[in-house]
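Following: one structure in C-alpha cells, then a few remarks.
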Amino acid sequence: MILIIYSNINGLLGWEDFALKGFIKFQDYGLILALTLISFSVFRKEETLEPDYLKITKSRALLFAVNLHWFFYIGLFIFSILAMNNLTWPIKMGRTFFYGIIFYLIYKELKPNPIENFEKIITALQYFTIFFGICYISYNLLGLDIYPKGAYEEFEVASTAAPVARNFSGFPTFAYYFIFLFTQRLLTGSGKWFVNITGLSILLFCVPLMLTRGTLILVAVMLLALVVYRIPSSKTFVRLIVLTILIGVGLLIAPYVAEGHYQALMNRLQEFGTNGISGAKNLSVRSREFEQIVSNVIDFSPFIGFGFTVPAAFGFVTTQIHGGSADNGFSNLIGVSGFVGLAIFMSVIASWMILNIKLQALKAEQYSKVNFIFIFFMLGTFMNGSYMSYMHQFALFLAYDLFAFAYFKNKQVALPSVAPIIFTQTFPVK
C-alpha cells in the first residue's frame, strides 16, 4: 500500500490532497509511514530466532551495496542542510530520493517467509495494477476526467475533433513489470490463464496510450528478449504462436479503437523516420540538459554533486529546482549525488544482476528470469526518464532476489541430495 501511496494512488489523487500546509505532500505520507514502521521494528524485541538463510542474505554484496547507498544519501542530506543553512529545502529536494528507504520495510516483511510473502504481495499488486490500467484506458478512450493533474501535453490530429491528451500521472506504476511477468506466465502455462491474458492485454494497451516512443520500442525489445532468453520448448513454442497471434490481432484492432492516439503516436514516430533517432527534438534537448548538469556538477562538486540543495542558490542554471533531471536517469543521479553517487547506485544494480544470475542457476522459482529482463528495462528507461533512478520503483523485486537466493541456497546446502525435489514441491515451476 505504501508503494501505491508513492504513486498518488496512480494519479487518482493530487500531490496537494490531504497535504499539510503544502509542506507534506500526499506521497510523503508513504515515507512517514515507512519510517514509522521501520522504527518500530528496530526497537521491538524479536520474539523468534532469525531463519538460517538470513546469514546468506547478510553476506551478499548486494545488501552491502544497498546499505552503502543509503549511508551515502544520509551523508548527502547532512551536507545539504549545512550547505543551505536550513532544513526545509533539503527535505523538499530529497524526499523523493528517500522513498526508497521502504527497502528495509520490505526486507522486514519478507524475512519470515520470503517466497510465500512475496507471492502474497505480488498477487495483490497485480490486481491493483490491472485496475489502474482499466482506469487509464477509460481516461484515454472514454474521456473520463479522473486524474486531478490532467493532461501533461495535448496533440492535434486530423482524425479527431478534440486534441489527444497525454497523461503520465495515471499510467499504472508497475505496468512494465507485470507485462513481463504475465508474458512469462503465459509462455510457461503457470498461474491463472484468464488473469494473465487479461492483465497483459490491458497493460500492453496502456503503453501506446502514453504516447512515449522510446518506451514503446523498449517494451517491444524487452518482450522479444524475454522470449529468446527462455529458449522455448515445444510446449512454450505453441503458446508463443498463440500469444503472437493475439498480439497481432490487437495491433490490427487498436487503430480503430483508439484512432486519435494511434495517429498521434504515428506522427511522433514519423520524426524518427524523417530525422533519425539522433535528430529527434527530445534527444537534442536532453543532450543539452545532460551537458549542462555535468558541467555544473564538475564546477560545484564532481564527487557528491549538489546533494539535496537548490543549485540556483549557488548561482547555477538548471532546468529543475534540484540538481538532477526528470528526463534522464544518469543525469539525475549525477546532478544530485555526483559521480560517486552514480557509481554506488550502479554497484547496486551490478550486484543485483550478479545475484539474479546465481538465483536463476538454482532453477528453483519463476520470478528471477522476469527480474533479469526488468533490470535491463530499467537501465533502458534511464535514457527516457529518471523514475527508475529512485529505489522505491524496484526495491520489492531487488529484495525478492536477495531473499530467494538465500532461501533456496540454504535448502541446497542443507539437503543437497534431495534439494531439487524440495524446490519443486515448495514452488512449482511448469
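The values are calculated or read from the model by the stated rules, or taken from the named source; none is laboratory data. Just so you know, these numbers come straight off a predicted model, no measurement behind them. So basically every Cβ, Gly included, is an ideal-geometry build from the backbone, and we count neighbours across all protein chains shown. Note: areas computed on protein heavy atoms with side chains; ligands, DNA, RNA excluded. Shrake-Rupley method; radii C 1.70, N 1.55, O 1.52, S 1.80 Å.
Which of the aspartates and glutamates could a cross-linker span from K45 if the Cα-Cα distance has to be under 17 Å and same-chain partners fewer than 8 positions apart are dropped?
E109
Sum up the charges of everything whose Cβ sits under 15 Å from the Cβ of L33, counting Lys and Arg as +1 and Asp and Glu as -1, but leave L33 out. Present the calculation step by step, with values, prior to reporting the outcome.
Working: positive: K25, R95, K108; negative: D28, E109.
Once positives and negatives cancel, what remains is +1.
Per-residue HN-Hα couplings for the range 90-100, Karplus 6.51 cos²θ - 1.76 cosθ + 1.60 at θ = phi - 60°, whole Hz, x for Gly and Pro?
For the range 90-100, the Karplus curve yields x, 5, 4, 7, x, 4, 4, 5, 8, 4, x Hz.
With the cut-off at 29 Å, tell me which of the pairs K108/K369; K21/K120; K58/K92 have Cα atoms farther apart than that. The partial results should precede the final answer.
On the way: K108/K369 24 Å; K21/K120 36 Å; K58/K92 33 Å.
Check vs 29 Å cut-off fails for K21/K120; K58/K92.
Find out how many positive minus negative residues lie around K411, taking Lys and Arg as positive, Asp and Glu as negative, among other residues whose Cβ is under 15 Å from that of K411.
Details: positive: K55, K358, K363, K409; negative: D52, E116, E365.
My count for the surroundings of K411 gives +1.
Among L187, L333, L20, whose mean-square fluctuation peaks in a Gaussian network model of the chain (Cα, cutoff 10 Å)?
L20
Pick out, from Y99, L265, W89, the residue whose Cα sits farthest towards the positive end of the charge dipole of the chain, with +1 on the Cβ of Lys and Arg and -1 on the Cβ of Asp and Glu.
Y99
Run the accessible area of the chain with a 1.4 Å probe and give the carbon-and-sulfur part as a rounded percent. Don't skip to the answer; put the middle values down first.
Details: 13910 of 20550 Å².
C and S fraction of accessible area: 68 percent.
In whole angstrom, how long is each semi-axis of the equivalent ellipsoid of the range 80-128, when you take the square root of 5 times every eigenvalue of its Cα gyration tensor and sort them from largest down?
35, 13, 5
Ordered by packing density, taken as the mean number of other Cβ atoms within 10 Å over each peptide's residues, highest first, how do 147-157, 360-370, 300-310, 34-44 rank?
Packing order, densest peptide first, comes out as 300-310, 360-370, 147-157, 34-44.
Tell me what the chain gives for mean residue ellipticity at 222 nm when only DSSP H runs of n ≥ 4 count, each as -39,500 (n - 2.57), the sum divided by the residue total, rounded to 500 deg cm²/dmol. Write down the numbers at each step before the final one.
Numbers: 17 runs with 285 residues, N = 430.
Calculated at 222 nm, the ellipticity per residue is -22000 deg cm²/dmol.
Over the chain, what relative contact order in percent results from Cα pairs under 8 Å that are six or more residues apart?
On the way: 522 pairs, mean separation 92.4, N = 430.
Reported relative contact order: 21 percent.
Excluding I102 itself, what net charge comes from residues whose Cβ is under 11 Å from its Cβ, given Lys and Arg +1 and Asp and Glu -1? If you can, show how the numbers build up before the last one.
Details: positive: K108; negative: E109.
My count for the surroundings of I102 gives 0.
Which option, [x] 33, 32, 20; [y] 42, 21, 18; [z] 35, 26, 19, is the value of semi-axes √(5λ) of the Cα gyration tensor in Å that was calculated from these coordinates?
[x]
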